[in-house]
Amino acid sequence: MLEKNRAIDGLNKELMTKVEQLQDYSNQIKELTLIEERQRISQNLHDMLGHSLIVLRLHLDALNQFIDTDPKKSHQILDKSKGIIDHSLVELRETVNELKETKELADLNSALEELGNSISVTDKVKVNLQKYFDVNRLDISVKDLIYKTSQEFITNSIKHGQSSLITIKLRLKNQTLIFNLSNNGLDANNIVASNGLKGIEHRVKNLNGTVSFSSNQPSGFKTDITIPIGVKIND
């Protein structure tokens, strides 16, 4: 019996070791995915700018050809060139935002701190960020939800709620993320689901979570979210 118990204990220890290894491998894969995503975005940026510059060079060569002999044609070429530049700027902004978002998700701890500090620096609004575990251990889809929801909540708290204190709390319980956001702004007795709130609901639903919007006491607005994590994450 004693030998059997020892064998079971040995198997349990071996199993726990394998689980830890799998978690480490999973984290490595996530980091590689982020690196590959940055490389993909960088390549897209290179291709887009390269194409636009070549087309602009052709337009400038044509403009040089017609500028003295055909003013109408020259104006057409200029208009097309401006259109190419405007389109390139839009794509460039989108690419920069995509790169920034990828970086933010890679280090969510720092991104949330930066998000809070960028607001608190005005002294009119304070963001109280409470994290009870390393949020960087979370899956990238959950990190995306946390960042975008925090961003949306802070924006609404300032724009609509006239808040001076915003609290964001992240903790784990029984392999479930407990994500609470609250402010001390205007009372929110009649809550209407705006596009921002609908976006939060959609992201939470995609992760099989729950979300509720309600009045905060003694005043203000709060959002409570739970997301099943499915794996144990150390504090």
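The values are calculated or read from the model by the stated rules, or taken from the named source; none is laboratory data. Keep in mind the model is a prediction, meaning the values are calculated, not measured. A quick note on method: Cβ atoms are made from the backbone with ideal geometry, for glycine too, and the neighbour counts reach across all protein chains shown.
Applying the condition of being aliphatic (A, V, I, L, M) and crowded, with 18+ Cβ neighbours inside 10 Å to segment 140-158 and asking which residue is farthest from Asn195 (Cα to Cα) yields Val142. Among the residues of segment 125-181, the ones that are of a type in the set (Lys, Arg) and at positive phi come to 0 in all.
Let's see how each residue does on (1) out of contact with any Cys (no Cβ under 6 Å at 6 or more places or on another chain); (2) within 21 Å of Gln162 (Cα to Cα); (3) at pLDDT 90 or above:
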residue	(1), (2), (3)
Ala188	yes, yes, no
Ile191	yes, yes, no
Arg203	yes, no, yes
Ser214	yes, yes, no
Ser219	yes, yes, no
Lys222	yes, yes, yes
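Considering every residue within segment 77-93, establish whether at least one is β-branched (Val, Ile, Thr) and at pLDDT 85 or above. Looking through segment 77-93, none of the residues is β-branched (Val, Ile, Thr) and at pLDDT 85 or above. Out of segment 202-224, which residues are in a helix (DSSP H, G or I) and buried (at least 17 other Cβ atoms within 10 Å of the Cβ)? Within segment 202-224, Arg203, Val204 qualify. Considering Asp123, Asp107, the condition of being modelled with pLDDT of 80 or more and either under 28 Å from Asn183 (Cα atoms) or surrounded by 13 or more Cβ atoms within 10 Å (Cβ to Cβ) (or both) is satisfied by Asp107 alone.
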